1. Apply 1/(1 + (r/R0)^6) to the Cβ-Cβ distance of A53 and R147, taking R0 = 25 Å, and write down the FRET efficiency to the nearest 0.05.
2. Please pull out the direction-averaged projected area of region 48-135, using the convex hull of its alpha-carbon atoms, in nm² to one decimal place.
3. Using a probe of 1.4 angstrom, how much of the accessible area of region 73-115 is carbon and sulfur, in percent?
4. Got a sec? Which residues in region 114-154 would a label at F90 touch, if it sits 7 Å along Cα→Cβ and we count backbone N under 16 Å?
5. Set the bar at 22 Å for Cα to Cα. Now go through K59/K116; K153/K195; K135/K190; K84/K116; K70/K116; K84/K153 and name every pair that lies beyond it.
6. Which value, in debye to the nearest 20, describes the size of the charge dipole of region 74-213 about its Cα centre when Lys and Arg Cβ atoms bear +1, Asp and Glu Cβ atoms bear -1, and nothing else is charged?
7. Convert each backbone phi in region 85-90 into a coupling constant with the Karplus relation 6.51 cos²θ - 1.76 cosθ + 1.60 (shift: θ = phi - 60°), then list the ³J(HN,Hα) values in order as whole Hz, x for Gly and Pro.
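The values are calculated or read from the model by the stated rules, or taken from the named source; none is laboratory data. Keep in mind that what you see is a predicted model, and the values were worked out from it rather than measured. Quick reminder, even Gly has a Cβ in these numbers, built from the backbone with ideal geometry, and neighbours come from all protein chains shown. Note: areas computed on protein heavy atoms with side chains; ligands, DNA, RNA excluded. Shrake-Rupley method; radii C 1.70, N 1.55, O 1.52, S 1.80 Å.
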Amino acid sequence: MAGCTSRCRQGVLKLIQSLQRLVSGTLSKDKIDDELEMTMVCHRPEGLEQLEAQTNFTKQELQVLYRGFKNECPSGVVNEETFKHIYAQFFPHGDASTYAHYLFNAFDTRNNGSIKFEDFVMGLSTLLRGTVREKLEWTFYLYDINRDGLINKEEMTEIVRAIYDMMGKYTYPALKGDVPKQHVDAFFNKMDKNKDGVVTLDEFVLACQEDENMMRSMQLFENVM
C-alpha cells in the first residue's frame, strides 16, 4: 500500500509538471510525438474524444497526460492523502493540509473520496484555460463547502484561513490571527448585495468582475496549482 501511495504521488506530481509544460508551450513537438507513440502502444483509453470535446485540451495533450497518470498510478485514482502529500511538498513553510482537503473536494465532483483522471483534467481545464466566468464558478464551488449553492461568511473564512496557513509564516510574517477574518468581512460586505447574510453565485461573479483586487484575492488558488 505504501509503495502504491508513493507511486501515485509521484505520478500526480509528474502530471502537474507535464501539464505546466504543455500549457506554457515548452514541451517540444518531438517530445509530444514520442509520448504519443508510446501512449498508443501502451494504452488505448476510451473516452478521450469525449474529454477533448468537454475540455480545452487537445487529444495529444490528453494522451500525454493520461499515459503519465496511468503509468505512475495504475489504480487510476488519487486519494486525499496523496493530495495532501503533494501540497506539503509545495509549501514546506506552512500547513497545506486544510486547503488541500477543500481543493480535493472541489475536484472530487462525484463525492466518492477519490479523483479520477477525468475529474482532474476537467478541473484543470477550467482553472488553466477556462473563461473568467468559468473560473469564478469553479472558485465559488470551492468556497461553497456545504454545497448548498450559497457561500456564508464562515465558509469563506475557512478557505481564506486555510490559504494563509498554507503560505506559512515566512510568506506572511506580519499576519495576525484575525487578519483572514478581517479580509473576509470586507469582501463579504461587498459581495452580499442584498445583505441577507449569504452570497449567491451571481453576487460572487458580479463582485469579482467589478473589483480587480477582489478578483485576485478570490482566485488565489491559481497561484497554488
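1. On the way: r = 26 Å, r/R0 = 1.06.
It comes out at approximately 0.40.
2. Seen from a random direction, the Cα hull of region 48-135 projects 6.4 nm² on average.
3. Carbon with sulfur: 49 percent of the solvent-accessible area.
4. Under cut-off, by backbone N: 115, 120-129, 139, 142-143.
5. On the way: K59/K116 18 Å; K153/K195 12 Å; K135/K190 20 Å; K84/K116 16 Å; K70/K116 10 Å; K84/K153 25 Å.
Cα-Cα > 22 Å for K84/K153; rest within.
6. 300 debye
7. 5, 4, 6, 4, 6, 6
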